[in-house]
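Peer 1: Let me give you the structure first, and then I'll get to my questions.
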Amino acid sequence: MMKRVIGVDAGSTLTKLVYKEDGRMHYKKFLTNDHLFIRQLLKLDPVDSVVVTGGRADLWRDMKNVPLHEFDAVTLGARELLKQEGNSLDEFILVNIGTGTSFFRVKKDEYERVLGSGIGGGMFMGLGRRLTGVTDFEDLAGLAEEGTRKNSDLLVGDIYREEEVGIAPHLTASNFGKPPSSAESPGDQLRSLTNMMAETMILLSMSIAPQTSKPFLVFVGNGVEGNAALQEDLGSFREWLEYTPLFPDKGGYAGALGAYIQGLNSQNGH
């Protein structure tokens, strides 16, 4: 009997699932605290192959499953997502934006996790809530997309003329450096937040990128999926740093997809 393969990425906030049923792939996400409900929904059979990864994989230890290290899972899943979109890259920097952010140097047959940062989706939610009182991720992301950071950030152009310093006037001199004013909206504050996150992530990514022309920076994870403002900001420094940003579709499921692929490989004896 052919086993059903289910990839599970149990994160600190969200649990992501990838599996195939009725001839098509399913990508689903739930709150991690609902893990008992998730199992009921899946109607797990003893013959099912469940491959579990992520920081809360311990919630699944009481049932028969195959553990997979989350770094292995996310790099394997990211490679597959790129392949599905016709981007079979031999070398790239993978930036996994979850609650926090991990930075990987990925080559054709290997990878290395080089850096980690607490600046990620958890920061966007936590600081965004403190700034605006809004608690829903989609609402926060929508407000950020509508905002402009010029009312919150002190920009280079607020201090210098471009011919004086040779730096583009819209770049940041100081994040949240302007005094509060009636012109500043919650969306403006959130846009300053996504830009501050993007600046840090790009600088960290470029610090570990190979010294080649236009390295590929691949962004995955729930912290960036569905956050159009952050994606735009992550791509806004190309004129000065010369990199190619990629945002694979279903990037929030990279870890779960990697777990699913590992389950398929094991089933096929690979």
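Peer 1: All but one of (1) surrounded by fewer than 18 Cβ atoms within 10 Å (Cβ to Cβ); (2) assigned to a helix (DSSP H, G or I) hold for T212; state the number of the condition that does not hold.
Peer 2: (2)
Peer 1: Continuing with this model, one more query. Report whether or not K107 is without any contact (Cβ under 8 Å) to a residue 40 or more places away in the chain, open to solvent by 50 Å² or more (accessible area, probe 1.4 Å) and under 29 Å from L204 (Cβ atoms).
Peer 2: Yes: the conditions hold for K107.
Peer 1: Hey, does the range 142-152 have a residue that's open to solvent by 60 Å² or more (accessible area, probe 1.4 Å) and over 19 Å from P245 (Cα atoms)?
Peer 2: Yes; the residues of the range 142-152 include at least one that is open to solvent by 60 Å² or more (accessible area, probe 1.4 Å) and over 19 Å from P245 (Cα atoms).
Peer 1: Continuing with the same structure: Tell me, please, whether a residue that is at pLDDT 85 or above, open to solvent by 50 Å² or more (accessible area, probe 1.4 Å) and within 19 Å of the chain's Cα centre (by Cα) can be found in the range 15-24.
Peer 2: The answer is no; no qualifying residue exists.
Peer 1: Restricting the search to the range 60-100, which residues are open to solvent by less than 40 Å² (accessible area, probe 1.4 Å), farther than 16 Å from E112 by Cβ and in a helix (DSSP H, G or I)?
Peer 2: Those that are open to solvent by less than 40 Å² (accessible area, probe 1.4 Å), farther than 16 Å from E112 by Cβ and in a helix (DSSP H, G or I): W60, G77, L81, L82.
Peer 1: Quick one: G126 ticks every box in (1) buried (at least 17 other Cβ atoms within 10 Å of the Cβ); (2) under 23 Å from I97 (Cα atoms) except a single one, so which number is it?
Peer 2: (1)
Here is a yes/no grid of residues against (1) in contact with a Leu (Cβ under 8 Å, 6 or more places away or on another chain); (2) touching a residue at least 40 places away in the same chain (Cβ under 8 Å):
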| position | (1), (2) |
| --- | --- |
| S181 | no, no |
| D188 | no, yes |
| A198 | yes, no |
| S213 | no, no |
| F216 | yes, yes |
| F219 | yes, yes |
| N222 | yes, yes |
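Peer 1: Filter the range 94-115 down to the residues that are of a type outside the set (V, I, T) and more than 13 Å from the chain's Cα centre (by Cα) and list them by number.
Peer 2: Result: R105, K107, K108, D109, E110, Y111, E112, R113, L115.
Peer 1: Suppose we keep only residues that are in a strand (DSSP E or B) and touching a helix residue (DSSP H, G or I) at 6+ places or on another chain (Cβ under 8 Å) within the range 25-59. Which one would you say is most open to solvent (accessible area, probe 1.4 Å)?
Peer 2: Among those residues, the one meeting the criterion is K29.
Peer 1: Under 9 Å between Cβ atoms, at least 6 apart or on separate chains: pull out the pairs that start in the range 68-97 with a residue that is among the aromatic types (F, W, Y) and end on any residue that is open to solvent by 50 Å² or more (accessible area, probe 1.4 Å).
Peer 2: The qualifying pairs are F71/Y111; F71/R113; F92/R105; F92/K107; F92/F216.
Peer 1: Residues being open to solvent by less than 60 Å² (accessible area, probe 1.4 Å), in contact with a Pro (Cβ under 9 Å, 6 or more places away or on another chain) and assigned to a helix (DSSP H, G or I): count how many of those fall in the range 232-270.
Peer 2: So the answer is 2.
The values are calculated or read from the model by the stated rules, or taken from the named source; none is laboratory data. As the structure is a prediction and not an experimental result, all values here were calculated from the model. As a convention, Cβ positions derive from the backbone with ideal geometry for all residues, glycine included, and neighbour counts pool all protein chains shown. We work out accessible area using only protein heavy atoms, side chains counted, and drop any ligands, DNA or RNA first. Shrake-Rupley method; radii C 1.70, N 1.55, O 1.52, S 1.80 Å.
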